[in-house]
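Quick notes on the structure that follows.
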Amino acid sequence: MLNTKKVLALTLTLLFVFALIPAAAQAAPVYRTLDEIKADGTINIGVFSDKNPFGYVDENGEYQGYDVYFAERIGKDLGVKINYVSTEAANRVEYLETGKVDIILANFTVTPERAEKVDFALPYMNVALGVVSPDSRVITDLSELSADDPVIVISGTTAETYLIANNPEVKLQKYDTYANAKNALENGNGVAWANDNTEVIAFALQNTGYTVGIPSLGSQDTIAPAVSKGNDTLLRWLNDEIVSLADEQFFHKDYEATLAETYGLDYEDSLVVEGGVVKAE
């Protein structure tokens, strides 16, 4: 018959083992390593399907845009086919955490909060926040908003998190997709739209009757590819790829092929990052 000390020791041991099981299950990697991707011959890349000119589906059902141009080069240099996975802003972290994609290339702004959940590679673009509003009431400062003035944001974007953290008094009207946000602004469902300055600048250039009253809100940030947390082999390959592409000024070529028609060449050097090196302002 077991004595009390032995029973207690056995119980504690079993409790310790059972406690470890969920943690081990959670720690199991969901990602595919670089070698596994190469062996499979296909890489899954998450991109936007409705954010022209960065990631969108054209009239022929083909993915196009700045991020897609880069994705095509990744596939070529890896020697694999690309399976594009349409994502929304709010799903980018989730798709990496669940292994639905290998890489996210969807205007993913680097933030400390996101870096706790995913691993960012070197940046390939600069970005800040901006605010666009109708010409009938151009918002040049957030202090011009009243408590009843809703500002349109897209869920899961830096605009949402920035305004919640820094301007909690601003009333937010949230949408899941870029298309819905644009429609909301056009339909008067918000007095302004806060988003990446590249996006609001493009909207104002393409749609008469709107002005970017706040071209830069908050600090200057960067956009970078992201992989699942801990996927070191794929991360190292991406960093080496970005550095090597600087020799041919790849991202300037990407800009000229996909963004110049929207923004012109005046913004090229301020937006493009080559070799992962951000120039001091």
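Worth a mention:
- Selection count, region 226-281, where residues are among the β-branched types (Val, Ile, Thr) and at pLDDT below 95: 2
- For residue 157: the one exception among (1) more than 19 Å from residue 54 (Cα to Cα); (2) in contact with an Asp or Glu (Cβ under 9 Å, 6 or more places away or on another chain): (1)
- If you check 121, 184, 147, 179 for being in contact with a strand residue (DSSP E or B) (Cβ under 9 Å, 6 or more places away or on another chain), of a type in the set (Gly, Ala, Ser) and closer than 30 Å to residue 234 by Cα, only one passes: 121.
- Answer residue from region 137-169, given it is assigned to a helix (DSSP H, G or I) and free of Cβ contacts under 8 Å to residues at least 12 places away in the same chain and is nearest to residue 211 (Cα to Cα) among those: 144
- Residue match in region 209-224 (condition: exposed (fewer than 15 other Cβ atoms within 10 Å of the Cβ), modelled with pLDDT of 95 or more and of a type outside the set (Asp, Glu)): yes
- Of all residues in region 224-234, at least one satisfies being assigned to a helix (DSSP H, G or I), touching a residue at least 40 places away in the same chain (Cβ under 8 Å), within 19 Å of the chain's Cα centre (by Cα) and assigned by TED's automatic domain parsing to the domain that holds residue 113.
- Against the numbered list (1) free of Cβ contacts under 8 Å to residues at least 40 places away in the same chain; (2) under 20 Å from residue 271 (Cβ atoms), residue 198 comes up short only at (1).
- The C-beta contact set for region 170-192 (first residue touching a residue at least 40 places away in the same chain (Cβ under 8 Å), second residue in a helix (DSSP H, G or I) and acidic (Asp, Glu), distance under 8 angstrom, 6+ apart or interchain) comprises 178/199.
- Taking region 102-124 as the range and being at pLDDT 95 or above, assigned to a strand (DSSP E or B) and either among the basic types (Lys, Arg) or under 21 Å from residue 275 (Cβ atoms) (or both) as the test, the residues that pass are 103, 104, 119, 120.
- When 115, 179, 147, 165 are screened for being under 20 Å from residue 201 (Cβ atoms), of a type in the set (A, V, I, L, M, F, W, C), surrounded by fewer than 16 Cβ atoms within 10 Å (Cβ to Cβ) and out of contact with any Gly (no Cβ under 7 Å at 6 or more places or on another chain), only 179 passes.
- Sole residue being surrounded by 15 or more Cβ atoms within 10 Å (Cβ to Cβ), touching a Pro at 6+ places or on another chain (Cβ under 6 Å) and hydrophobic (A, V, I, L, M, F, W, C), chosen from 103, 82: 103
The values are calculated or read from the model by the stated rules, or taken from the named source; none is laboratory data. All figures in this text were calculated on a predicted structure; none of them were measured in a lab. With ideal geometry, Cβ positions are generated from the backbone for all residues, glycine too; neighbour counts draw on all protein chains shown.
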